[in-house]
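This report refers to the structure that appears directly beneath it.
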Amino acid sequence: MNEIKYFNPGQFISKRALISSVVGIALVIVTEWLIPFLGIMPTFTEWVTPAVILFTISVIVLTSATAKNIIASIVISLSASLCFYNPAGYNTVGYVGIVVIYLSIALFTGLFATVEMRGQTALTWIGIIFGLQAILGAAINMLLYINDSFQKYYINQVQNISIGNPLDTFPFFDLIVMVVGLIYMVIFIILGRRVHSSSIENNLREIIGQIIIFLALAGTLAVNILFKETFTQETARQIFGDSNLLFLNHIFQKTTVDNFAVFTLLNVFYVLPIAGMVIGIGLALIVYQRAQGTTGDLTFDFEGSYFALNIPLAFVLGIFSYYWYQLNISDFYLKMQTWYVLATLYTNLLLINLIVVFIIALILRPILKRIE
């Protein structure tokens, strides 16, 4: 394990990276092309959006975390992008969005699954990344709230969308989430500066950490499924127009008849940041276990995927922002009212795939240790 260097291209031809990549490519051909091409996609329209759930993200995460090589991460993400197939048609900007999401997930997962770091450094990274994501999520929602981007939903009878703040008030809840994210970051940075040594031989801390992570993923998904309001494609067209509707259908729906949804209990831009901060607590316990406190070295392995969370979504929003449209760099942009649905679709799809990764990792981890 110590000899593995993520940024060493030559290690792509190692047995571990090469076999992982070949298996991963074979699987994404099935999940991303063959299943949609054959039209054998089960739908869960009444339960969750996107109603068609594919497991390409799971394959990308598992391949990147196993291969532990930047070339492997690029190869598997681009292979999945090239295999992308939507029976409803082709959309160029939607395809760019797919590449950005798959590539960023693969690179973040591979990097944090591979890089060996001291326990103190790991705690610091947990604080910085999950704290910043909380601040970023609240800042995005504050921008939408200030611009009244939710009004289009109310006009079109989507009444229960959670906007994170009471109507016609100062965005107080956004500030609370930002402050919590900042406090979270500071606490973990302080913990990262402390030296703690432990010689506990059992895996109790890791087990508790894994349980916390699973509950954060499964619990958040359950809340999203139970507390949502759905609306039709026609209503979606009235809210954010044909071009944005085509973009969402192309990336997520695999069809033009499935409904869309928005969260009603918790604002969508709070969901992944809050889940991430809970996951960070579970990761901290894993750090204390694997690094024997904070003085030893560790790698996050499959848990490296949790560091991405809403970063790919932020990349997509940035690339397709109105700013580039104003500069005539792009002829397409994502309207702010579209961000709510885009984040909802992405959040549900990511959570489902990460739950699958969690379960499969429990099986793969002991097998890989025996191989090593």
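The values are calculated or read from the model by the stated rules, or taken from the named source; none is laboratory data. Just so you know, these numbers come straight off a predicted model, no measurement behind them. Positions of Cβ are backbone-derived with ideal geometry, glycine not excepted, and every protein chain shown enters the neighbour counts. These area figures cover heavy atoms from the full protein model, side chains too; ligands, DNA and RNA do not enter into them. Shrake-Rupley method; radii C 1.70, N 1.55, O 1.52, S 1.80 Å.
Go over the candidates Val177, Val186, Val158 one by one and state the one that is open to solvent by less than 40 Å² (accessible area, probe 1.4 Å), β-branched (Val, Ile, Thr) and either in a loop (DSSP other than H, G, I, E, B) or more than 17 Å from Phe269 (Cβ to Cβ) (or both). Spell out the reasoning first.
Working: Val177 fails: either in a loop (DSSP other than H, G, I, E, B) or more than 17 Å from Phe269 (Cβ to Cβ) (or both); Val186 fails: open to solvent by less than 40 Å² (accessible area, probe 1.4 Å).
Residue meeting the stated conditions: Val158.
Please verify whether Ser77 is of a type in the set (Ser, Thr, Tyr), open to solvent by less than 10 Å² (accessible area, probe 1.4 Å) and more than 21 Å from Thr255 (Cβ to Cβ), treating the condition exactly as stated.
Values: of a type in the set (Ser, Thr, Tyr): yes; open to solvent by less than 10 Å² (accessible area, probe 1.4 Å): yes; more than 21 Å from Thr255 (Cβ to Cβ): yes.
Yes, satisfied.
In this structure, is Leu18 open to solvent by 50 Å² or more (accessible area, probe 1.4 Å), among the hydrophobic types (A, V, I, L, M, F, W, C) and over 18 Å from Leu111 (Cα atoms)? Please lay out each step first, then the result.
Working: open to solvent by 50 Å² or more (accessible area, probe 1.4 Å): yes; among the hydrophobic types (A, V, I, L, M, F, W, C): yes; over 18 Å from Leu111 (Cα atoms): no.
Spelling it out, it is not the case that Leu18 is open to solvent by 50 Å² or more (accessible area, probe 1.4 Å), among the hydrophobic types (A, V, I, L, M, F, W, C) and over 18 Å from Leu111 (Cα atoms).
Considering only residues of region 95-116 that are surrounded by 20 or more Cβ atoms within 10 Å (Cβ to Cβ) and of a type in the set (Val, Ile, Thr), which is farthest from Ala72 (Cα to Cα)?
Taking the candidates together, the pick is Ile98.
If we keep just the residues of region 296-331 that are in contact with a strand residue (DSSP E or B) (Cβ under 9 Å, 6 or more places away or on another chain) and among the hydrophobic types (A, V, I, L, M, F, W, C), which is nearest to Tyr270 (Cα to Cα)? Step through it out loud before you land on a result.
Residues of region 296-331 in contact with a strand residue (DSSP E or B) (Cβ under 9 Å, 6 or more places away or on another chain): 296-300.
Those left that are additionally among the hydrophobic types (A, V, I, L, M, F, W, C): 298, 300.
Working: Leu298: 30, Phe300: 25 Å.
Within region 296-331, the match that is nearest to Tyr270 (Cα to Cα) is Phe300.
For region 220-238, check the following and say yes or no: at least one residue is among the hydrophobic types (A, V, I, L, M, F, W, C), open to solvent by less than 10 Å² (accessible area, probe 1.4 Å) and farther than 29 Å from Val177 by Cα.
No; the residues of region 220-238 include none that is among the hydrophobic types (A, V, I, L, M, F, W, C), open to solvent by less than 10 Å² (accessible area, probe 1.4 Å) and farther than 29 Å from Val177 by Cα.
Name the residues in region 156-186 that are β-branched (Val, Ile, Thr), under 19 Å from Phe263 (Cα atoms) and free of Cβ contacts under 8 Å to residues at least 60 places away in the same chain, would you?
Keep residues of region 156-186 that are β-branched (Val, Ile, Thr), which gives 158, 161, 163, 169, 176-177, 179-180, 183, 186.
From what's left, under 19 Å from Phe263 (Cα atoms): 158, 161, 163, 177.
Residues satisfying the conditions do not exist here.
Any idea which of (1) within 16 Å of the chain's Cα centre (by Cα); (2) closer than 24 Å to Leu143 by Cα; (3) of a type in the set (A, V, I, L, M) is the one Ile213 doesn't satisfy?
Going through the list (1) within 16 Å of the chain's Cα centre (by Cα); (2) closer than 24 Å to Leu143 by Cα; (3) of a type in the set (A, V, I, L, M), Ile213 breaks only (2).
Does Thr347 meet the test of being closer than 18 Å to Val271 by Cβ, modelled with pLDDT of 95 or more and within 11 Å of the chain's Cα centre (by Cα)?
Numbers: closer than 18 Å to Val271 by Cβ: yes; modelled with pLDDT of 95 or more: yes; within 11 Å of the chain's Cα centre (by Cα): yes.
Answer is yes for this residue.
Tell me the residue from Met178, Met185 that is under 23 Å from Gly304 (Cα atoms) and modelled with pLDDT of 95 or more, please. Before the answer, list the steps.
Values: Met178 fails: under 23 Å from Gly304 (Cα atoms).
Just a single option satisfies the conditions, and that option is Met185.
Please verify whether Gly119 is crowded, with 23+ Cβ neighbours inside 10 Å and within 14 Å of Gly304 (Cα to Cα), treating the condition exactly as stated.
Taking the combined requirement at face value, the residue does not satisfy it.
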